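Worksheet: the structure to be examined is printed underneath.
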Amino acid sequence: MSSLSKPSTVVGLSLIATLSLLVATYTQYTRVQARGIKPQPSTLTASSQLNSKLGSRLTTEANPELAWFNLTDWMYLLNRSDPQSPEGVLAHVVASIFTRDTGALASQMENSSIQFGLDQWLTEKGKHNKRKLASLDTSSPWPNTLTIAKTESSMNGEKYTYWLKGTARTSEPGVFYPIEFSIQLVKDTQGKWLVNDFHLIPQSWERR
């Protein structure tokens, strides 16, 4: 009996290994298919101004129905980049926007002493200008996907402007609205990158 069971055990293990490989391959294939996009370098890397390969993980398009993948890309950038680098600061700012930890609405009130996640990445001017993000902090719609549309830098390399585009989700299933805004980073006297200003392009969905 022992001599017969050994070959069958080997065959069983081989089948399990083959099935595992097939499942892994199929999972990877369906993930790429689900995203509906081909991996491509983002404009962040193409600009070559940041000298960073981290931006290549951020695609230039994002499917609003599969926002999880877009969020995963931003979390990857946040966790793998230097928090003091321009792309690291950008990732923290986007995370604050996704989680609505900006305090944009609170900044419109006087005597507000509450600290928000976005505040540590802002200049004093930026803390005032974050109120421009107020429409992204309202109950609906809320930011769903964000990608980098283009980057600009000053001649001295001490100011970067990132243009972001994406979608906002509403409480109605399958209804999305386009959003587009810029984030301006400047280098302070200590060499630290901070957000100095925002520019939000008004959209018809904004609650006024």
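So for region 67-78 (the condition being surrounded by 14 or more Cβ atoms within 10 Å (Cβ to Cβ), at pLDDT below 85 and part of a helix (DSSP H, G or I)), does at least one residue qualify? No, region 67-78 has no match at all. Would you confirm whether or not region 84-107 contains a residue that is modelled with pLDDT of 50 or more, in contact with a strand residue (DSSP E or B) (Cβ under 9 Å, 6 or more places away or on another chain), crowded, with 16+ Cβ neighbours inside 10 Å and among the basic types (Lys, Arg)? Yes, the conditions are met somewhere in region 84-107. Within region 153-190, the set of residues being of a type in the set (Ser, Thr, Tyr), open to solvent by 40 Å² or more (accessible area, probe 1.4 Å) and over 22 Å from the mean Cα position of the chain (by Cα) comprises 189 only. For first residues located in region 196-208 and assigned to a loop (DSSP other than H, G, I, E, B), partners that are of a type in the set (S, T, N, Q) and modelled with pLDDT under 95 and lie 6+ apart or on another chain with Cβ distances below 6 Å form the pairs 206/135; 207/138.
With respect to the conditions (1) open to solvent by less than 20 Å² (accessible area, probe 1.4 Å); (2) touching an Asp or Glu at 6+ places or on another chain (Cβ under 6 Å), residue 145 falls short on a single one, namely (2). Restricting attention to region 108-123, and to residues there that are of a type outside the set (D, E, K, R) and modelled with pLDDT of 90 or more, which single residue is most open to solvent (accessible area, probe 1.4 Å)? Taking the candidates together, the pick is 120. Looking only at region 127-139, which residues are out of contact with any Ser or Thr (no Cβ under 9 Å at 6 or more places or on another chain) and under 15 Å from residue 101 (Cβ atoms)? Answer for region 127-139, where residues must be out of contact with any Ser or Thr (no Cβ under 9 Å at 6 or more places or on another chain) and under 15 Å from residue 101 (Cβ atoms): just 138. Got at least one residue in region 124-139 being open to solvent by 30 Å² or more (accessible area, probe 1.4 Å), closer than 20 Å to residue 196 by Cβ and modelled with pLDDT under 90? No, every residue in region 124-139 fails to be open to solvent by 30 Å² or more (accessible area, probe 1.4 Å), closer than 20 Å to residue 196 by Cβ and modelled with pLDDT under 90.
The values are calculated or read from the model by the stated rules, or taken from the named source; none is laboratory data. This structure is a prediction, so every number in the text was calculated from the model and none was measured. We place every Cβ from the backbone using ideal geometry, glycine too, and count neighbours over all the protein chains shown. Heads up: the accessible areas ignore ligands, DNA and RNA and are worked out on the full protein's heavy atoms, side chains in. Shrake-Rupley method; radii C 1.70, N 1.55, O 1.52, S 1.80 Å.
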